[in-house]
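What follows is a set of notes on a single structure, which appears directly below.
The values are calculated or read from the model by the stated rules, or taken from the named source; none is laboratory data. Just so it is clear, the model here is predicted, and its values are computed rather than measured. Methodologically, a virtual Cβ is constructed for each residue, glycine included, from the backbone with ideal geometry; neighbour enumeration extends over all protein chains shown.
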Amino acid sequence: MSGWKAKRFWNSATAEPCDGGFTVRLDGRPVKTPAKAAFVLPTLAMAQAAAREWDAQHGAVNPDTMPVTRAANSAIDKLSVQFDEVVALLAAYGETDLLCYRATGPEALVARQAAAWDPLLTWAAQDLGAALVATAGVMHVAQPPQSLARLHALTAAFDKFRLAAFHDLVAISGSLVLGFAVVRGRISAAESFDISRIDETWQAEIWGVDETAAELEAFKRQAYLAADAFLALCG
């Protein structure tokens with residue numbers, strides 16, 4: 001039975017108002033989350049996007065083609081009960097943020113990282129109120145406790161739907177600063193992803209593109225952009 005997959009049984013999916021927000025109905029029947037909770041979304045735009053995903057299914061339902069529905073399910077089923085844990089997990093990225101750990105060489109790579117990452121650390125200090133310390137190499141460097149506390153507070157301020165999107169922005173990039181930069185419109189999601197891949201891009205330029213690595217990067221980019229699109233649907 002482990003290979004069983006749900007198959008399309010409905011003719012049309014519609015986005016409709018419901019108690020507490022908006023939902024998707026399949027031929028009038030409300031969608032439920034995998035945990036059987038009510039599929040209640042914060043905005044009509046999100047419900048409409050989810051409805052389009054359900055309408056696009058043919059034969060077996062493929063969750064991989066339903067990023068809005070999957071993110072919403074995660075927000076409802078997981079973050080409703082694990083909100084504080086996820087906040088702590090994401091805030092901890094500030095202790096080892098990607099932008100704070102620099103190459104020791106060659107000089108061209110060091111310069112490329114500095115050109116892309118230094119302005120964002122300056123922005124984080126000024127706009128987020130969270131100054132972080134950069135270092136060369138991989139040895140851990142302690143960050144100012146007040147900055148870490150500030151980043152935790154900012155992360156905890158998200159609602160569960162925005163936190164679901166923010167989770168992917170941070171986890172995929174490895175940078176809390178990049179996640180906030182996207183959320184606050186400092187840079188685009190596409191630019192943020194490229195900035196997070198400076199080391200990998202450098203290696204590809206030197207040694208050539210590895211097909212497996214390229215496929216993985218394309219998958220991560222798609223997921224990163226999907227998180228940004230979900231964030232926009234939060235209203």
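Things worth noting here:
- Yes/no for GLU215 being over 16 Å from the mean Cα position of the chain (by Cα) and in the same structural domain as VAL87 (by TED's automatic domain parsing): yes
- Qualifying position, being of a type in the set (Gly, Ala, Ser) and under 21 Å from ALA232 (Cα atoms), among ALA75, ALA92, ALA35: ALA75
- Of the numbered criteria (1) in contact (Cβ under 8 Å) with a residue 24 or more places away in the chain; (2) aliphatic (A, V, I, L, M); (3) surrounded by fewer than 20 Cβ atoms within 10 Å (Cβ to Cβ), the one ALA71 fails is (3).
- The single condition among (1) within 30 Å of GLU205 (Cβ to Cβ); (2) touching a residue at least 12 places away in the same chain (Cβ under 8 Å) that ILE76 does not satisfy is (1).
- Restricted to region 90-107, and to residues there that are touching a residue at least 24 places away in the same chain (Cβ under 8 Å) and among the aliphatic types (A, V, I, L, M), the residue that is nearest to VAL138 (Cα to Cα) is ALA103.
Every residue, every condition in (1) among the hydroxyl-bearing types (Ser, Thr, Tyr); (2) in contact with a helix residue (DSSP H, G or I) (Cβ under 8 Å, 6 or more places away or on another chain); (3) assigned by TED's automatic domain parsing to the domain that holds SER196, yes or no:
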residue	(1), (2), (3)
CYS18	no, no, no
GLN48	no, no, no
TRP54	no, yes, no
PRO106	no, no, yes
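- Any pair with Cβ under 6 angstrom, 6 or more apart, that starts in region 38-66 at a residue that is over 14 Å from PHE22 (Cβ atoms) and ends at one that is outside any loop (DSSP other than H, G, I, E, B) and at pLDDT below 95: ALA60/LYS7
- Within region 211-235, being at pLDDT 95 or above and of a type in the set (Asp, Glu) holds for GLU215, GLU217, ASP228.
- From the list ALA131, ALA156, ALA181, ALA149, the one residue that fits, being touching a helix residue (DSSP H, G or I) at 6+ places or on another chain (Cβ under 7 Å) and free of Cβ contacts under 8 Å to residues at least 40 places away in the same chain, is ALA131.
- Residues in region 16-39 that are surrounded by fewer than 18 Cβ atoms within 10 Å (Cβ to Cβ) and not in a strand (DSSP E or B): ASP19, GLY20, ASP27, GLY28, PRO34, ALA35, LYS36, ALA37.
- Tallying residues that are touching a helix residue (DSSP H, G or I) at 6+ places or on another chain (Cβ under 7 Å) and under 14 Å from VAL31 (Cα atoms) within region 64-88 yields 5.
- Scanning region 115-158 for residues that are of a type in the set (Asp, Glu) and more than 21 Å from the chain's Cα centre (by Cα) returns a single hit, ASP118.
- Identity of the residue in region 45-61, among the hydrophobic types (A, V, I, L, M, F, W, C) and not in a helix (DSSP H, G or I), that ends up surrounded by the most Cβ atoms within 10 Å (Cβ to Cβ): VAL61
- Tallying residues that are without any contact (Cβ under 8 Å) to a residue 24 or more places away in the chain and of a type in the set (Phe, Trp, Tyr) within region 201-226 yields 2.
- Which numbered condition ASP64 misses (of (1) within 19 Å of LYS160 (Cα to Cα); (2) surrounded by fewer than 16 Cβ atoms within 10 Å (Cβ to Cβ); (3) under 16 Å from the mean Cα position of the chain (by Cα)): (1)
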